[in-house]
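Down below is the structure, laid out as C-alpha cells.
The values are calculated or read from the model by the stated rules, or taken from the named source; none is laboratory data. Note that the coordinates shown come from a computational prediction; the quantities given were computed from them, not determined experimentally. Here the Cβ positions follow ideal geometry from the backbone for every residue, glycine too, while neighbour counts run over all protein chains shown.
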Amino acid sequence: MQPSAPSFYEATASRTVRPALTTRNEEAEVCIVGAGFAGLATALGLAERGVRDVVVLEAQRVGYGASGRNGGFVFGGYSLECADLLRILGPQDARAVYRLTLDAVDLIRTRAARYAIDCDIVNAGVILADWFGRPHALAAQRDLMRQSFGVEWEPISKAALRDRLKTDRYHGGLHERHGFHFHPLKYALGIARALDAAGVRIYERSPVLRIERSGDRHMISTPNGSIVARHVVVAGGGYIKGVYRPVERAVLPIATYVVTTEPLGARLSDAIACDAAVYDTRFSFDYYRPLPDTRILWGGRISIFERNARDIARLLMRDLLRVYPQLEGVKLDHAWGGFMSYARHKMPQIGRCADGIWHAIAFGGHGVAPTTAAGEMLAAAIAGERPIPAPFARFGLEPMYGRLGLAAAEATYLWKIAGDALAQRRSR
Ligand SMILES: Cc1cc2nc3c(=O)[nH]c(=O)nc-3n(C[C@H](O)[C@H](O)[C@H](O)COP(=O)(O)OP(=O)(O)OC[C@H]3O[C@@H](n4cnc5c(N)ncnc54)[C@H](O)[C@@H]3O)c2cc1C
C-alpha cells in the first residue's frame, strides 16, 4: 500500500468530470460553497422545492471532504451526546431537534431510491458495544433514548453479542435498528447527478476565495470566475480556510482515520458474523462495519494531525487486532484520513449571519444524517417556507481561538484517552 493510495471509496466509485467556473459575474439565486453532504443536501432541498437557479462551487471534487471519506454510518443524533442535548434544550426541543436526524435517515434512504443511487445500503442497524462492562450505563442510555427521545435501542446480552462479534472485548450492547450503513461517496456522487438532472450547476476545482457584498447581492469569487447571487451558503466543513471569518473562527478541523482490509471471504465470519455497523462506548471509540465484498472497514482515533497512509494503517491495524486478534496477518488495502469541523459546543452551526450569509457547518464526527437535516432546514428557509428552528440559535458561532484552540483540543483528546485507559483498568 502506498502512502498516497486513494480511499476505498475513491477506488470503487465512478466519477463524472465537471467543469471549473470560468465565467465572470454568472448570476444565480443561490450559491453554495462546498459539495459535501451539507452543500449537496441544501442544493437538492432547494431543487425539490422548485428553486433550481442554484450554483454549487467545490474547491476539489464532489465529496472530496469528510462526506466522501467517512465511516458510512447513517443514524440519528449529533456529535453532542443526547443527554447533553436534553440538558441544554429541555425535553420538548431536544426531542424535536433529535427527530430531525431520524427524519434525515429516512430521507437519505428515500432519496437513494428516488434517484436510483446504488450506494451499497446495508439495512442492518448500528450496534453500540459496551467496552467497559458498565451495564447500568447502558441501561441508562437505553432508558434515556426511549423516554426522552421516543426510540427503542434493543439490548444485546454479552453472550448474544459474542455470537455476532467474535471477541471478548465487549460486555453487551444496544442495537439501533433504524440506522444503516452505506458507501458515502457513491451517495454523494448520486446526489450530484440528481442535481445535474434538475439543472443545478456544479463547478469543481473552483475554490471560493472571497465573498463580498454587492448591493442586495453577494459576489463570490474563484480564481477564474465569479458568481453574483442573492443568497450564499457556506458549507465548507473542516476544509474551508480564509473565505468567511465569522464561521471559520468558530470551528476547528479535527482529523479521524479509516482503513479497509483485503476481502476476507469466509474468514470475515471468524470475527464479524452480522451485518450491523459497530462502535463502542469509549470517548475515542473504534467504528467499523463489514462491507458487502467481505472486507472490514475500520475507523478510529481523532487528532489535529494529518497522517500519511502508512502511519494510519499501522495505528488502526493495532486497534483492529486488539479487538479481533484472530485476524492477525490480514492485509490492509486502503488507508486514509479526513477532517471534520467541530464547534466548541459539539452541535452543528446552522443559520444566517447579520450580513445575510447562510451557513451549515460543524457536524463533527456524526454528520451524515445531520447534514441532510441541515440541508432541509436551509432549503426551507431560503425558499421562504419556514425559518430555521429556533433551538439551533442556542448553538452559536463561539470563537475557537485558532492554534490555541487546536492545542487545547489535542490536550483534551489525550486527557480523554487517558480517562478511557483508566476506566478500562478499573473495569478489569
Ligand atoms: C474519516 C471520517 C469518518 C466519519 N464517519 C462518520 C460516520 O460514519 N457517520 C457520520 O454520521 N459521520 C461521520 N463523519 C462525519 C461526517 O462525514 C461529516 O460530519 C460530514 O460529512 C460533514 O459534511 P460537510 O458537507 O459539512 O463537510 P465536507 O464533506 O468536508 O464538505 C466540505 C466541502 O467543501 C469544500 N470546500 C472547502 N473550502 C472550499 C472553498 N473555499 N471553495 C469551495 N469549496 C470548498 C471541500 O473541498 C469539501 O468538499 C466522519 C468524518 C470523517 C472525516
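Listing for the model above:
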| item | result |
| --- | --- |
| Search result, residues across segment 119-145 that are touching a Ser or Thr at 6+ places or on another chain (Cβ under 6 Å) and among the acidic types (Asp, Glu) | ASP130 |
| Selection count, segment 79-124, where residues are under 19 Å from THR371 (Cα atoms) and under 19 Å from the mean Cα position of the chain (by Cα) | 24 |
| Search result, residues across segment 36-83 that are near the ligand (Cβ under 9 Å from one of its atoms), assigned to a helix (DSSP H, G or I) and surrounded by fewer than 24 Cβ atoms within 10 Å (Cβ to Cβ) | none |
| Residues of segment 138-176 classified as under 26 Å from GLY90 (Cα atoms) and either of a type in the set (Ser, Thr, Tyr) or modelled with pLDDT under 95 (or both), total | 1 |
| Any hit, segment 375-383, residues being out of contact with any helix residue (DSSP H, G or I) (no Cβ under 8 Å at 6 or more places or on another chain), at pLDDT 95 or above, away from the ligand (no atom under 16 Å from the Cβ) and hydrophobic (A, V, I, L, M, F, W, C) | yes |
| Scope segment 230-276; condition of a type in the set (A, V, I, L, M), over 14 Å from LEU297 (Cα atoms) and within 14 Å of the ligand (Cβ to nearest atom); matching residues | VAL232, VAL233, VAL234, ALA235, ILE240, VAL243, VAL247, ALA250, VAL251, LEU252, ILE254, ALA255 |
| Test: residue in segment 14-24 that is of a type in the set (Lys, Arg) and surrounded by 18 or more Cβ atoms within 10 Å (Cβ to Cβ) | yes |
| The one condition in (1) in a loop (DSSP other than H, G, I, E, B); (2) under 18 Å from ILE272 (Cβ atoms); (3) over 26 Å from the mean Cα position of the chain (by Cα) that ALA160 fails to fulfil | (1) |
| Any hit, segment 141-156, residues being among the small types (Gly, Ala, Ser) and buried (at least 21 other Cβ atoms within 10 Å of the Cβ) | no |
| Residue in segment 165-177 that is surrounded by fewer than 23 Cβ atoms within 10 Å (Cβ to Cβ) and assigned to a helix (DSSP H, G or I) present | no |
| Unmet criterion (only one of (1) more than 12 Å from the ligand (Cβ to nearest atom); (2) in a loop (DSSP other than H, G, I, E, B)) for LYS346 | (1) |
| So ALA96, is it within 27 Å of VAL56 (Cβ to Cβ) and exposed (fewer than 14 other Cβ atoms within 10 Å of the Cβ) | no |
| Residues satisfying the stated conditions in segment 10-47, i.e. under 11 Å from ALA192 (Cβ atoms) and of a type in the set (Lys, Arg) | ARG15, ARG18 |
